[in-house]
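The values are calculated or read from the model by the stated rules, or taken from the named source; none is laboratory data. Fair warning: this is a prediction, and the values are worked out from it, not measured in the lab. Quick reminder, even Gly has a Cβ in these numbers, built from the backbone with ideal geometry, and neighbours come from all protein chains shown. To get the accessible areas, we keep the full protein, side chains included, count just its heavy atoms, and leave off ligands, DNA and RNA. Shrake-Rupley method; radii C 1.70, N 1.55, O 1.52, S 1.80 Å.
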Amino acid sequence: MPTPDTDKPARVTKRRAETRARLLDAAFRVFAEKGFGLTRIEDVCSAAGYTRGAFYSQFASLDELFFVLYDQRASLITEQVRRALADVENPGDLSGFVDRLTATLLLDRDWLLVKTDFLTHAARKPELAQRLVAHRAHLRAAIEAKLAGGAFALPAAMGTIAEAAHAVVAAYDGVTVQLLLDRDQAAARAWLGRLITRLAVADGDPAAPGQTSAAAARPAARPEKIQPPRNVPSSEL
């Protein structure tokens, strides 16, 4: 049975974790409602029911807090990629992998608003921009690790595992613009699936040997040229 002295650190640790979680949750809500650039530390403290002292006991700044939120979302996306790979029974089933990936990837409009706000904020501050680049690189590396460890056979047209991870992240970034503008999550998921599939069968190349996807079954057919949706600038894709 723990003594009062040995039990105290556990209680303090639990309380700090609860404070941190409440601050993160409150910050996310305030960022989504007001925009990152218009949010003050006092706004987050008020929403969470804490003082500035509680905030600074957890985070050095709002920028620091954002990166914690980013890493949480990155971990979730990486897990979703892992789950999509694990659910594919046939290693050559491209369409099955794409369907599962687009069905599970995080497309939370509030998070996309927060992330986009921070992107424009960081773009004006070189040091922050470099930190964001590093965090995005970590996300791609995590996706690479899941692709490398999965049984799914990447189509040859997607290049190396690193190139495939880069393509998935780029396609994901592209469809978020559409979602922010028209709020149509179903359309965003459909467009993400078309982008990834198009990358996998680029220039009509058949899939790698041993694959049994729909694209591999029709190697002679050139895929239809996909036009970007009218409300998404092609430069964003």
task: Identify all residues within the range 114-133 that are among the hydrophobic types (A, V, I, L, M, F, W, C) and crowded, with 18+ Cβ neighbours inside 10 Å; write none if there are none.
output: Val114, Phe118, Ala122, Leu132
message: I'm checking my understanding of the structure. Among residues of the range 181-201 that are assigned to a helix (DSSP H, G or I) and of a type in the set (Val, Ile, Thr), which one is nearest to the chain's Cα centre (by Cα)?
response: Ile196
- prompt: Scanning for something open to solvent by less than 10 Å² (accessible area, probe 1.4 Å) and under 21 Å from Trp191 (Cβ atoms), does the range 72-80 turn up at least one residue?
  reply: no
query: Here are some conditions: (1) closer than 20 Å to Val81 by Cβ; (2) open to solvent by 60 Å² or more (accessible area, probe 1.4 Å). Ala153 meets all but one. Which one does it not meet?
result: (2)
- prompt: Of the residues that make up the range 86-96, is at least one hydrophobic (A, V, I, L, M, F, W, C), under 27 Å from Leu181 (Cβ atoms) and open to solvent by 20 Å² or more (accessible area, probe 1.4 Å)?
  reply: no
message: Out of everything in the range 97-113 that is of a type outside the set (Lys, Arg) and open to solvent by 60 Å² or more (accessible area, probe 1.4 Å), what residue ends up being farthest from Ala27 (Cα to Cα)?
response: Asp99
- request: Kindly indicate the residue of the range 13-34 that is hydrophobic (A, V, I, L, M, F, W, C) and open to solvent by 50 Å² or more (accessible area, probe 1.4 Å) and also modelled with the highest pLDDT among those meeting that condition.
  value: Ala21
